[in-house]
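The values are calculated or read from the model by the stated rules, or taken from the named source; none is laboratory data. Keep in mind it's a predicted model, so treat the numbers as computed, not measured. Virtual Cβ from ideal backbone geometry, glycine too; neighbours counted across all protein chains shown. Side chains are part of the model used for accessible areas, which takes the heavy atoms of the whole protein and leaves out ligands, DNA and RNA. Shrake-Rupley method; radii C 1.70, N 1.55, O 1.52, S 1.80 Å.
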Amino acid sequence: MLKKPSAWLLLTVLVFAATLGAAQQPDRFAEMEKQMTALASATPGLNDKVDFSVSGVSIQEFLRGLAESNNLNINIDPSLTMKVYNNFTNEKVSNILLFLAKEYDLEIRFVGSIMSVSKYKAMPDAPAPRNILVKYNPYNNLLSLDLKDDTLSRVVKKITQIAKKNVIFASGLGNRKVSVYLEDISFQNALEKMAFANELKLTRTEDDVYVFESLSEGESSGLLAAKKGSGRPYRPSASRSGMFIEVVRDSAGLSRITLEANNSPVVDVLRAVSEEAGISYFMYSEIKGTTTLNVSNVTFNDFLTYLFRNTEYTFKSDQNLYMIGDRKLEGLRISKVIQLRYRSLETVVEMIPAEIRKNVEIREFKELNSILLTGSGPQIEEVGAFVKEIDRVVPMVMIEVIMVDVKKGNTIKTGIRAGISDSVKTGGTFLPGVDYTLGARAINDFIGKASSVGSVNIGRVTPSFYVGLSALENNNNVNVRSMPKLSTLNGHEANLSIGSTRYYSVTTQNVLGSLNPQTVATQQFNPVQANLAISIKPVISGDEQVTLNIDVNISDFLGEPPNNQPPPSSTSQFKSIIRVRNEEMVVLGGIERLEKSDNGSGVPVLSRIPVLKWLFSERTRTRQKTVSVVFIKPTIIY
């Protein structure tokens, strides 16, 4: 007879499968590279080195062009629609294919010499366990629970992590399913109700550890607290005018108080509870006012904290005697030093709410990054709990900015020019381009040699005549790559500015005097700046995504400026708000500029006749292409 697999066995199998899938994920690229290397030994096209610069080209067109130019057999999934923005220089085809597979999460399958490219389909992840919904407010000790068939082990762990109070369970109860919905109930009362709703019992030990246990036969659920020295619960009670008091002493002998008071005088509530709990106290001043208070199973310290909250009174414990009176009395004031671990002193002090810092004197110790609190004990504890809650590590964000500026240009200059000048000499270049000037002497020598061969005397040119021949082609390819890195705290702005300054002169002429006027020239140099300015403000969200408020300004000088004139410049600006995952690179923006010019000069009519136009004109053709792209990559550093 086969047994059904236990829940633990199924859970172990699922976890093992998920771990195995995660471990195999990186290995697929290594296996892909291994198969690519084996195929490259028989396919020379994979080892060819190519140069590619593409911007916004679909991946299907890119791979098709790569296959045709290198004699490769590539099958492309028609569902692939992503765009390629890359520049490859002197790189192997095999490395380009592997890069695209990693960059766009592709799968390359090999069948003989055929490579089939498609989108990678990962194994489905195991379903994530349900989030345990637990909320705890440390200021008023209130707990909220929203449980539905959750295991007791996960619930207990979550409560301990959130409330910072130790809660455990007896052996064998880890897989026990519990369900309950409670909202804003005192911590101990919430655990009691949770135990009651799920047929458990709750015990509080002498060192304040809450223990969930199974019910014995005939035993009731809830909190069991035995009077010290006896084996039975102790619950004396008193009913007074306008109030109900119940005191339970736990195993450590501490009084646990349950009180219901409706518009009762504060001093009467204090007397009644003190008598029932057997607590001694001394009042420094008269206690006035009324209160409406409903607490359950709290200590005497907590009872006094709730009773005197938002009043002018406080308390201080001296061994077994409680001293009670006005907050301003020196005897009831205490001092406490709180040292901050992660936050700076100035920001923390400004964030403390005015309601809880009222009547509390706060002094700063900048050398120790600490604050000194002076005031009533309960208020100091409340301020200390708030400071501890906000004194956490502020993550830092390192932002990598990659700015690529690719410029490609081509200029062709052809033509013949002739004229008369006294200062022209024969000379120039033949290689790598023709830019040669023939003076009158060289032309006459050439004419003389040509006339000696034939029977026709061509004649001579005037001594100041010259002829210039031009046949030039210039190509330029400039790739400018800037990679500034900025680091800043979460929510703070980071700025970077790098640039250069040029000066141009402005001459001003002033006429002084009327009878004998004199002209005075004043020269002034004015600055012109070209800067790379970056301003980025990161904000980290809970799922490790970063919202970036980005402002990029790029300006640069163009060529040499004319004499005494401002230099020409170009400006590019990117301003955007984007959301990106941690360590993920995105394209912020890109611009492509194409400039064409065709300039020429020549003899009218003759410069337009085919063939003859090469002798009677001069032409210059220029083609300039510029591509600018900005990439952003944030990295969270804790």
| query | Can you give the Kirkwood hydrodynamic radius for the range 72-144, in Å, rounded to one decimal and based on Cα pairs? | reply | 16.7 Å
| message | So, taking all protein chains as they sit and a 1.4 Å probe, how much accessible area belongs to Met483, in Å² rounded to tens? | response | 100 Å²
| query | Tell me, what is the 1.4 Å probe accessible area of Ser576, in Å² to the nearest 10? | reply | 40 Å²
| remark: Ordered by number, the chymotrypsin sites (Phe, Trp or Tyr not before Pro) in the range 313-419 that occupy a DSSP loop and have at most 14 other Cβ atoms within 10 Å are Tyr342
| Which value, in Å to one decimal place, does the Kirkwood hydrodynamic radius take for the range 329-388 when every pair of different Cα atoms is included? | 11.6 Å
| message | Could you tell me how far the Cα centroid of the range 72-87 sits from the Cα centroid of the range 162-195, in Å? | response | 55 Å
| said: Please give me, ordered by residue number, the trypsin sites (Lys or Arg not before Pro) of the range 379-411 that lie in loop per DSSP and have at most 14 other Cβ atoms within 10 Å. | reply: Arg392
| note | Among GluC sites (Glu not before Pro) in the range 332-424, those in a DSSP loop whose Cβ has at most 14 other Cβ atoms within 10 Å are Glu355, Glu367
| Accessible area of Lys148 in the full protein assembly, 1.4 Å probe (Å², nearest 10) | 140 Å²
